[in-house]
1. With every protein chain kept in place and ligands, DNA and RNA left out, what is the accessible area per residue of the stretch 1-96? Probe 1.4 Å, answer in Å².
2. Can you tally the net charge around Gln349? Count Lys and Arg as +1, Asp and Glu as -1, for every other residue whose Cβ sits under 12 Å from the Cβ of Gln349.
3. Can you tell me, using C-alpha contacts under 8 Å and at least 6 residues apart, the relative contact order of the stretch 245-377 as a whole percent?
4. Describe numerically, in nm with one decimal, the distance between label points set 7 Å from Cα along Cα→Cβ at Lys405 and at Glu122.
5. List the trypsin sites (Lys or Arg not before Pro) in the stretch 1-64 that DSSP assigns to loop (not H, G, I, E or B) and whose Cβ has at most 14 other Cβ atoms within 10 Å. Which are they?
6. Please state the charge dipole magnitude for the chain, taken about the Cα centre, from unit charges on C-beta atoms (+1 on K and R, -1 on D and E), reported in debye and rounded to the nearest 20.
7. Please report the relative contact order for the chain, taking Cα pairs under 8 Å with a sequence separation of at least 6, and give it as a percent rounded to a whole number.
8. Write down the Kirkwood hydrodynamic radius of the stretch 45-168, to one decimal in angstroms, obtained as one divided by the mean of 1/r over all alpha carbon pairs.
Amino acid sequence: MKAFGRLYQRLDSTTSINLKVEALVQYFEETPPRDAAWGLNLLLGKRQRRMVTSRMLRDAFLRSFPDFPEWLLEESYGHVGDTGETVSLLLASRGICPNESQHSVSLSSWMEDRISKLSGKEDQQRAEKIFEWWSRLSVDECYLLNKLLTGGLRVGVSQKLVVRALSKWSGISEAELTHRLMGEFEPSEENFQRLLSEGGGKKVPSQPYPFFLASPLEENDWKSLDFNHLQLEYKWDGIRAQLIFREGEVFLWSRGEDLITNQFPEIVEAASNLPQGTVLDGELLCWNEDQPLPFSFLQKRLGRKKVSSKLLESHPCILLAYDCLEANGEDLREHSLKERREILEKLIQDCDEPRLKISSCLSADSKESLEILRNSSRDFGAEGLMLKKKESPYLSGRKRGHWWKYKVDPLTLDAVLIYAQAGSGRRANLFTDYTFALWKDSELVTFAKAYSGLDQKEIEELDRWIRQNTRERFGPVRSVEPFHVFEIAFEGISESNRHKSGIAVRFPRILRWRKDKVVSEADTLMNARKLLEAA
């Protein structure tokens, strides 16, 4: 625990890539495999089980200090923006955390033997146990423990950086380590040693390949495009997924490395008609006859332990495949896209399964004809185009010069800022979370929230204005004078009975601050409805 705490502090105290890699390498060199496995699991941001909610953590503090006013805890949280950090700072102010930790318990013991055993305890017992731990840890370790308890630990390194450090220490290539870490990584000494062993040990049937990602098409990319050697497809608005059929079992992985097999039983059934040792890369979509349904249909299929027959009928799904990564157990990633496409076409044709389709190839011979295709892509339920070099291998991550995405311009509406809330973490002292509204007759109706799109100077300017023009407070939320208009961009629009406006937008963000517009010139819900009807 101390070693991981020191690593966390070193990573948090620098922006230097080299220093971060150096700190990670030293951690792996000095840490026993069992602890290193847990450290790696946390560094990679793998799913942590939340043993305590933020509310429970605050209750544990208040139970330990019944004389401490709850309002003061809430005000402190409002200033800091993070429950784990707030509680650790308050503990230090009460003289609870010692300067030096009295604990020498390993990280693996904390995760396996202590934190996991909080489950099932009564609130009072849990509070007493947590307070016992607090009283024996330094303030930094208290903060780390609080984040582990709530499952909210975020370490300031990317998976790519962790893999780079692991590669530098172990001598195994980054590409190979990335592949070995795909899928489920159970933190144990055995798995950590297998990860670093020659050949990586026995491959599990469920293991996916690292996804190859496209880069946005930029102006200087045009000169490298040869239309005679490009494969063009629509960029579909679904969920990127890998379908695996090995050793008689079917596995479906999302790009976020979530195993979503049980949420799409019809795809699993269809995949059993493929040859053993097949891995397809494609897009999960709700589909009606010959076109995709809006993304909102697909959302209803996600996060369910069991999908009802009614939902299967009303929200039918397909896998629209566009690549074959493995056939008859052979890894095809080093083959050209042209070769992989030929294998894919034959697989889909021989399978003859309507729930497994192949993404159609398009044709363009100039920038002008490509623009026409892109601009019409929404008519086919797509969000733009994919451009892929036919000779490209299937790589790992985002590698420029092989695949590009060329998305349509986003939909936009001019909306009025009516609510604001402070951010979290380093933005806890600034209002950075905004709610926007559209006109419905003479009333402003909320339609979207956005958290990104402004630069730091604009955020600070808007923050000062919000503090000076607050009308009402609702806990952490402030109602402000309807004065500022912002152009809000979004990728899609759909009906919603959960929102007062009756609509929901996908990936909303601020495109620009419309200081040239007055509030009365903002868009109306009728304008939004027109976009919805067009969609």
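1. Dividing the accessible area of the stretch 1-96 by its residue count gives 50 Å².
2. On the way: positive: Lys346, Lys357; negative: Glu342, Glu345, Asp350, Asp352, Glu353.
Within the 12 Å Cβ shell, the charges total -3.
3. Contact order relative to length: 25 percent.
4. Using points 7 Å along Cα→Cβ, the separation is 5.2 nm.
5. Details: sites: Lys2, Arg6, Arg10, Lys20, Arg34, Lys46, Arg47, Arg49, Arg50, Arg55, Arg58, Arg63; in loops: Lys46, Arg47, Arg49, Arg50.
Here the sparse-neighbourhood loop sites are Arg47, Arg49, Arg50.
6. 920 debye
7. Here the relative contact order equals 12 percent.
8. 15.4 Å
The values are calculated or read from the model by the stated rules, or taken from the named source; none is laboratory data. Values in this document were obtained by computation on a predicted structure and should not be read as measured data. As a convention, Cβ positions derive from the backbone with ideal geometry for all residues, glycine included, and neighbour counts pool all protein chains shown. Remember, those area values only see protein heavy atoms, side chains included, never the ligands or the DNA or RNA. Shrake-Rupley method; radii C 1.70, N 1.55, O 1.52, S 1.80 Å.
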